[in-house]
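Undergrad: What follows is a structure written as structure tokens; I'll ask about it next.
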Amino acid sequence: MKTIDIIKRGVKNLRRNKSRTLLTVSAIGIGALTLVLTLGVGNALQNYINTNVQLSSSVVSVSKVIQSSSPDDQKDIVSEYSPTKIDSTVVQLRGSISEVEPSTLDDVEAIASVDGVETVWPDYDITPEYVRLSDQDTKYTLSVINVYSYSESSVVAGVFPSDWALSDIVVDQIFAKTFGVNELDLVGKEIVIGIKDANGDINETPFTIVGVREVVRFGPPQQTAQGGVFIGIDAAAKLHEIQTQGTENEGKFTTILAKVLDNADEETVIATIESLNDTYSVFGTSVIVSTLNTIVNFITIALAGFSGIALIAASFGIINTQLMSVFERTKEIGLLKALGMSNKAVQRLFSYEAISIGVIGASVGTALAYGVQVFVNTYFKDGLKDFGGAAILISIQDVVTVILGLALLAWLSGVIPARKAQQLDPIAALREE
Amino acid sequence: MIEIKNLNKTYGKGNSAFTALKSITVTLEQGANMAILGKSGSGKSTLMHVIAGLDRPTSGEVIINNVSVWAMPAKKLDAFRNKTIGFIFQAFFLQNENTVLENVMVPLEIRGVPFSKRRETAIAALKSVDLLDKMNNKASDLSGGQKQRVVIARSIVGDPDIIFADEPTGNLDSVTGGIVEDMLFDLNKNTKAMLIVVTHDDELAKRFDNRIVLKDGEIIEMVGKGVTS
């Protein structure tokens with residue numbers, strides 16, 4: 001019997017039992033819909049991560065880690081004394097407790113010589129006492145001093161310099177209101193940052209405001225308003241020196257930051273830096289991206305697993321439908337066999353029917369998923385602007401995988417009914433009145 | 001020519017074993033017609049099924065046109081049945097939701113004949129049973145006599161060497177039954193296909209050139225020139 005005739009016969013039978021076929025197809029369709037949507041949301045998330053996180057300039061951080069342990073490794077004795085460790089500090093580095101040896105300017109120089117590295121600077125840990133305008137006496141707290149010379153940031157007034165002078169400073173928008181000065185007027189004003197030196201004396205360093213940074217606030221409104229400033233590397237070095245001169249922390253840094261050239265491969269640079277020194281532990285955005293992608297993948301697969309359960313339930317529907325079909329068509333099968341249809345052809349007839357249900361269901365589900373994608377991405381267009389423009393991105397690859405997967409699942413579901421049909425004795429079938 | 005050699009068929013095993021056919025040996029000449037006569041449970045349907053390649057005998061041989069039917073592998077046997085044998089059933093076994101034409105085409109569909117050829121042959125078969133005007137009707141719309149004529153068309157569409165009919169007039173009144181009978185005998189004459197009919201109807205059996213009578217799975221009477229043991 002020709003394959004096309006077997007398929008025609010199968011389709012005819014599916015059409016004969018319209019309502020039953022429709023119900024089974026719906027069950028598969030709903031499973032396929034959730035599966036395709038889940039994969040689509042996963043794609044959108046991944047797309048967002050890849051375009052937004054990876055596009056910003058890549059800065060890697062380098063620490064000299066002597067010993068690292070994850071929070072899971074509980075120790076029940078204190079560490080043995082070792083003179084080499086005397087200089088080290090224990091910090092929490094990216095989720096694990098690490099014993100870090102301080103880096104020095106020698107390390108900065110060594111890293112600067114690596115191919116693909118644009119700028120290297122220590123991650124200056126500066127604790128400011130206060131900030132005030134030169135022509136005002138009121139001092140305000142300053143929550144953070146950022147060394148931010150490697151990326152653009154949007155300003156409401158002035159500029160965000162790409163080449164920072166020693167006295168350049170960009171302040172957060174909040175300081176305009178704090179100082180009671182118009183944002184535009186703030187640019188060009190002199191500002192003073194007070195820092196405690198080793199003796200506990202306050203040292204004031206003057207800066208000139210070159211820009212007022214726009215701050216987009218996320219999350220719930222905060223009880224205490226905080227403000228930060230941005231300064232260049234050289235200025236940060238100066239402040240750090242004031243703070244640490246004469247202390248044991250002078251010229252010592254926990255972490256060194258290196259900006260990777262835009263055309264260089266971050267992973268290669270990381271590998272090169274790590275090869276310089278056994279203790280160098282390097283962390284970059286590529287690691288963040290791959291970590292985030294792993295998390296998103298994990299969530300996507302977990303959610304897809306739930307759709308998978310729905311699909312397994314739906315596959316029982318196929319088994320049930322096909323078993324009923326075999327039972328109903330006992331005489332037809334008997335006749336076809338008596339007239340010379342081979343067991344193999346009978347088995348194929350029922351397998352094709354099962355596969356058809358799977359493929360039709362998958363197609364319906366996919367079509368619906370596309371509908372949901374268009375609806376969500378259009379209706380929530382404004383809300384999705386900051387999210388890469390799409391909450392769902394269905395890929396052709398996923399669709400093909402889902403349809404093929406469901407065809408396979410349907411085929412497997414059809415195995416038992418098809419075998420039952422194949423094993424039917426034509427005489428017994430024809431004897432039934 | 002059909003040669004049946006020492007055919008035995010037993011259902012079940014041990015104490016519950018039931019012997020349906022006992023040492024049946026019979027030869028039917030090429031082109032002949034024959035009635036297998038017997039009461040209910042005499043084994044006549046079983047014999048037909050065994051000869052037609054539907055029911056495997058416990059022992060013995062069926063040789064049709066010098067081919068040993070039960071020595072063939074299953075797939076070959078299916079093809080053999082499709083090509084060599086036409087079936088007429090008392091209960092018709094038509095697919096009611098399909099058209100008359102579609103029903104008649106089934107044997108050719110199974111054989112893998114292209115659609116246009118299939119249709120052409122089926123129309124010719126319907127013409128010979130005088131049902132051409134009903135070819136696009138659903139099988140369920142036909143009367144009993146018309147249904148049996150469709151079944152006859154289906155049995156001859158594949159140009160078989162032997163047509164087996166199991167109580168072909170059992171479900172019909174005497175007038176339509178007579179028409180169907182005449183049609184079967186005409187076919188036997190005109191197409192050279194052998195005709196083997198299973199029946200419990202003495203009157204019908206008498207119209208055949210040859211007949212064998214079965215009782216409890218054994219041949220108790222054999223009549224006709226074309227049939228020898």
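The values are calculated or read from the model by the stated rules, or taken from the named source; none is laboratory data. Only a predicted model underlies this, so the values are computations on that prediction, with no experimental measurement involved. With ideal geometry, Cβ positions are generated from the backbone for all residues, glycine too; neighbour counts draw on all protein chains shown. SASA here: full protein model, heavy atoms, side chains in, ligands and nucleic acids out. Shrake-Rupley method; radii C 1.70, N 1.55, O 1.52, S 1.80 Å.
Undergrad: Given the structure, is B:Gly53 out of contact with any Asp or Glu (no Cβ under 8 Å at 6 or more places or on another chain), under 23 Å from B:Met222 (Cα atoms) and either among the aromatic types (Phe, Trp, Tyr) or within 12 Å of chain A (Cβ to nearest Cβ) (or both)?
TA: Here the answer is yes, as B:Gly53 does meet what is asked.
Undergrad: Having 2 or more residues that are open to solvent by 10 Å² or more (accessible area, probe 1.4 Å) and touching a Ser or Thr at 6+ places or on another chain (Cβ under 6 Å) is the bar; report the strands (runs of 3 or more DSSP E) wholly within segment B:1-61 that clear it.
TA: Filter on segment B:1-61 gives B:2-11, B:18-28.
Undergrad: Within segment A:326-358, work out how many residues are away from chain B (no Cβ under 14 Å) and open to solvent by less than 50 Å² (accessible area, probe 1.4 Å).
TA: Going through segment A:326-358 one residue at a time, the tally reaches 9.
Undergrad: Output the residue which, of all residues in segment A:1-50 that are among the aliphatic types (A, V, I, L, M) and within 14 Å of another protein chain (Cβ to nearest Cβ), is least open to solvent (accessible area, probe 1.4 Å).
TA: Only one residue fits best here, namely A:Ile6.
Undergrad: Also, I was wondering about something else. Residues of segment A:396-433 being in a helix (DSSP H, G or I), of a type in the set (A, V, I, L, M, F, W, C) and within 14 Å of another protein chain (Cβ to nearest Cβ), which ones?
TA: A:Ile427, A:Ala428, A:Ala429, A:Leu430
Undergrad: While we're here: Of the numbered conditions (1) part of a helix (DSSP H, G or I); (2) touching a Phe, Trp or Tyr at 6+ places or on another chain (Cβ under 7 Å), B:Phe164 fails exactly one; give the number of that condition.
TA: Every listed condition holds for B:Phe164 apart from (1).
Undergrad: Anything in segment B:129-161 that is surrounded by fewer than 18 Cβ atoms within 10 Å (Cβ to Cβ) and either of a type in the set (Val, Ile, Thr) or touching a strand residue (DSSP E or B) at 6+ places or on another chain (Cβ under 7 Å) (or both)? List them, or say none.
TA: Across segment B:129-161, the qualifying residues are B:Asn136, B:Asn137, B:Lys138.
Undergrad: In segment A:407-427, what residues are within 12 Å of A:Glu353 (Cα to Cα), more than 36 Å from the chain's Cα centre (by Cα) and surrounded by fewer than 20 Cβ atoms within 10 Å (Cβ to Cβ)?
TA: A:Val415, the sole residue that qualifies.
Undergrad: Within segment B:75-90, which residues are facing another protein chain (nearest Cβ under 7 Å) and either part of a helix (DSSP H, G or I) or farther than 11 Å from A:Leu335 by Cα (or both)?
TA: Our first condition is that a residue be facing another protein chain (nearest Cβ under 7 Å); within segment B:75-90, this holds for B:75, B:78-79, B:81-82, B:87, B:89.
Answer for segment B:75-90, where residues must be facing another protein chain (nearest Cβ under 7 Å) and either part of a helix (DSSP H, G or I) or farther than 11 Å from A:Leu335 by Cα (or both): B:Lys75, B:Asp78, B:Ala79, B:Arg81, B:Asn82.
Undergrad: Can we say A:Leu323 is without any contact (Cβ under 8 Å) to a residue 24 or more places away in the chain, part of a helix (DSSP H, G or I) and among the hydrophobic types (A, V, I, L, M, F, W, C)?
TA: Answer is no for this residue.
Undergrad: On to the next question. Against the definition (open to solvent by less than 70 Å² (accessible area, probe 1.4 Å), within 14 Å of chain A (Cβ to nearest Cβ), out of contact with any His (no Cβ under 8 Å at 6 or more places or on another chain) and hydrophobic (A, V, I, L, M, F, W, C)), how does B:Val67 come out, yes or no?
TA: No.
Undergrad: May I pose another question? Which of the numbered conditions does B:Asp130 fail, given that it passes all the others? Conditions: (1) part of a loop (DSSP other than H, G, I, E, B); (2) within 14 Å of chain A (Cβ to nearest Cβ).
TA: (2)
Undergrad: If you check every pair at least six apart or on different chains, which have Cβ atoms under 9 Å apart with a residue in segment A:262-276 that is without any contact (Cβ under 8 Å) to a residue 24 or more places away in the chain first and a residue that is part of a helix (DSSP H, G or I) and among the aliphatic types (A, V, I, L, M) second?
TA: A:Glu267/A:Val287
Undergrad: Would you check if B:Arg111 is in contact (Cβ under 8 Å) with a residue 24 or more places away in the chain, buried (at least 23 other Cβ atoms within 10 Å of the Cβ) and either within 9 Å of chain A (Cβ to nearest Cβ) or under 14 Å from the mean Cα position of the chain (by Cα) (or both)? Explain how you work it out, then say what you get.
TA: Details: in contact (Cβ under 8 Å) with a residue 24 or more places away in the chain: yes; buried (at least 23 other Cβ atoms within 10 Å of the Cβ): no; either within 9 Å of chain A (Cβ to nearest Cβ) or under 14 Å from the mean Cα position of the chain (by Cα) (or both): yes.
So B:Arg111 fails the test.
Undergrad: List pairs: first residue in segment A:110-121 and part of a strand (DSSP E or B), second residue open to solvent by 50 Å² or more (accessible area, probe 1.4 Å) anywhere in the structure, Cβ distance under 6 angstrom, at least six positions apart or on different chains.
TA: The qualifying pairs are A:Glu118/A:Leu261; A:Val120/A:Ala112.
Undergrad: Checking A:Val269 against (1) under 20 Å from A:Ala110 (Cβ atoms); (2) open to solvent by 60 Å² or more (accessible area, probe 1.4 Å); (3) part of a helix (DSSP H, G or I): exactly one of these is not met. Which one?
TA: Failed condition: (2).
Undergrad: Let me ask you something else. Could you give me the residue pairs with C-beta distances under 7 Å whose first residue belongs to segment A:334-352 and is in contact (Cβ under 8 Å) with a residue 12 or more places away in the chain, whose second residue is polar (S, T, N, Q) wherever it lies, and which are 6+ apart or on separate chains?
TA: Matching pairs, first to second residue: A:Asn343/A:Gln422; A:Val346/A:Gln422; A:Gln347/A:Gln422; A:Phe350/A:Gln322.
Undergrad: Please work out which residue is nearest to A:Asp425 (Cα to Cα), limiting yourself to segment A:359-386 and to residues that are surrounded by 23 or more Cβ atoms within 10 Å (Cβ to Cβ) and small (Gly, Ala, Ser).
TA: In this case the residue turns out to be A:Gly361.
Undergrad: Right, next: Restricting to segment A:212-232, give me the number of residues that are at pLDDT 85 or above and part of a loop (DSSP other than H, G, I, E, B).
TA: The number of residues fulfilling the criteria is 1.
Undergrad: Okay, next question. Among the residues of segment A:130-169, which ones are closer than 22 Å to A:His240 by Cα, at pLDDT 85 or above and outside any loop (DSSP other than H, G, I, E, B)?
TA: Selection gives A:Tyr130, A:Val131, A:Arg132, A:Leu133, A:Tyr140, A:Asp168, A:Ile169.
Undergrad: Would it be correct to say that B:Ile36 is under 24 Å from B:Ala153 (Cα atoms) and in contact with a strand residue (DSSP E or B) (Cβ under 8 Å, 6 or more places away or on another chain)?
TA: Numbers: under 24 Å from B:Ala153 (Cα atoms): yes; in contact with a strand residue (DSSP E or B) (Cβ under 8 Å, 6 or more places away or on another chain): yes.
Yes.
Undergrad: On the basis of being buried (at least 20 other Cβ atoms within 10 Å of the Cβ), in contact with a helix residue (DSSP H, G or I) (Cβ under 9 Å, 6 or more places away or on another chain) and not in a helix (DSSP H, G or I), does A:Ile392 make the cut?
TA: In short, yes.
Undergrad: Could you count how many residues in segment B:96-108 are surrounded by 22 or more Cβ atoms within 10 Å (Cβ to Cβ) and within 9 Å of another protein chain (Cβ to nearest Cβ)?
TA: Count: 2.
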